[in-house]
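See structure below.
The values are calculated or read from the model by the stated rules, or taken from the named source; none is laboratory data. What you are looking at is a predicted structure, and each value in this text was computed from that prediction instead of being measured. Cβ coordinates were reconstructed from backbone atoms using ideal geometry, including for glycine residues, and neighbour counts include every protein chain displayed. Protein only, heavy atoms only, side chains kept; ligands, DNA and RNA dropped before computing areas. Shrake-Rupley method; radii C 1.70, N 1.55, O 1.52, S 1.80 Å.
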Amino acid sequence: MFEKNTSERVGAEQTVPDAARSEQAAVSIRHLSKSFDGVEVLRDVDLEVREGDVVTILGSSGSGKSTLLRCINWLEQPDRGSIHIGGQRIGVNDAGRPMPVRELARVRARTGMVFQSFNLWPHLNVLHNVTEAPIHVLGKSKTQAEAHARELLEKVGMSPKADAYPSTLSGGQKQRVAIARALAMQPEVMLFDEPTSALDPELVGEVLSVIRDLSAEGYTMVIVTHEMAFSRAVSDKVVFLDKGLIIEQADPETFFTNPSTERVRKFLEREES
Ligand code: ADP
Ligand code: MG
């Protein structure tokens, strides 16, 4: 019942004119709303992420940041609105019907997600954590997958640990492997949900530095973070969510030095103290 209603309402949004979207957007979100138990946690969210851009999402706990990220790759289904990834609508096909599972999987695979809690497979070593999905989902050969995995492990500074098991790694090392694992699926957009929040303070820097390197390489990324200095340094655009509403989106200079809302000014003051 819930699913059917959701699909119908999502389908109804087909009326949003395509011309309103930029063809070049890596992610285009229009009029996105989502409720849990009758409480609206995302309210009419509009967001464009251009190819190669880094967008950081800031906001207090419970403001809807994770839900927004999870809607982008359909881990949560929106109640209303549309999300396009690389110009392709996710979750709903051209006829306005729910996407067949296989097609949905293909669109979802255009994004890669890194969670706060790493989620590495404990029974696989580092190399095999990275090659598992490319072999079994993309159908790559073992040789191909391992060669690519080794390049990615090099990129995140984890080559020396290729044979190690996750339980022997620090949190920062696990997160760097998780990043390599997501990159191995060659996503067009990387989504990070508080990638450093579970780390001891001395391990935060190594993970942020890997993400910063990726941004320099031109990866398109949407990052939920509480690291203000990082957000300021790495973002093309900073988005602030407050109770499910985007109340501010601006370039980092403007956002951090001259925010237009009292709410953001207060938030930044609190973060500084
Ligand atoms: P943030 O990531 O900014 O802390 P979330 O997106 O996780 O916020 O959550 C926004 C609100 O939605 C919170 O009030 C949270 O309790 C609620 N929420 C999130 N996921 C669920 C869910 N699966 N079921 C019910 N409520 C949820
Ligand atoms: Mg969250």
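Please enumerate the residues belonging to region 36-59 that are more than 7 Å from ligand 1 (Cβ to nearest atom), not charged (D, E, K, R) and not in a strand (DSSP E or B).
The answer is Gly38, Gly52.
Kindly indicate which of Leu191, Leu183, Leu124 is open to solvent by less than 50 Å² (accessible area, probe 1.4 Å) and more than 14 Å from the chain's Cα centre (by Cα).
Answer to the check: Leu124.
Considering each residue of region 101-135, count those that are in contact with a helix residue (DSSP H, G or I) (Cβ under 8 Å, 6 or more places away or on another chain) and of a type in the set (Gly, Ala, Ser), and give that number.
Selection size over region 101-135: 2.
I'd like the residue in region 37-63 that is among the hydrophobic types (A, V, I, L, M, F, W, C) and closer than 15 Å to Val234 by Cβ and, out of all such residues, is surrounded by the fewest Cβ atoms within 10 Å (Cβ to Cβ).
The extreme case among them is Val49.
Please return the ranges of strands (runs of 3 or more DSSP E) entirely within region 195-268 where 1 or more residues are open to solvent by 30 Å² or more (accessible area, probe 1.4 Å) and closer than 30 Å to Leu152 by Cα.
237-242
Are there any pairs with C-beta distances below 8 angstrom linking a residue in region 145-169 that is farther than 9 Å from Val126 by Cβ to a residue that is of a type in the set (Gly, Ala, Ser), with the two at least 6 apart or on different chains, and if so which?
Ala145/Ala184; His148/Ala184; Arg150/Ser159; Arg150/Ala162; Leu152/Ala180; Leu152/Ala184; Lys155/Ala180; Val156/Ala180
Among the residues of region 79-92 satisfying the criterion of being over 17 Å from Val189 (Cβ atoms) and open to solvent by less than 50 Å² (accessible area, probe 1.4 Å), which is farthest from ligand 1 (Cβ to nearest atom)?
Val92
Take Glu194 and tell me if it is within 30 Å of Lys34 (Cβ to Cβ) and within 16 Å of ligand 1 (Cβ to nearest atom).
Yes; evaluated as a whole, the condition is true for this residue.
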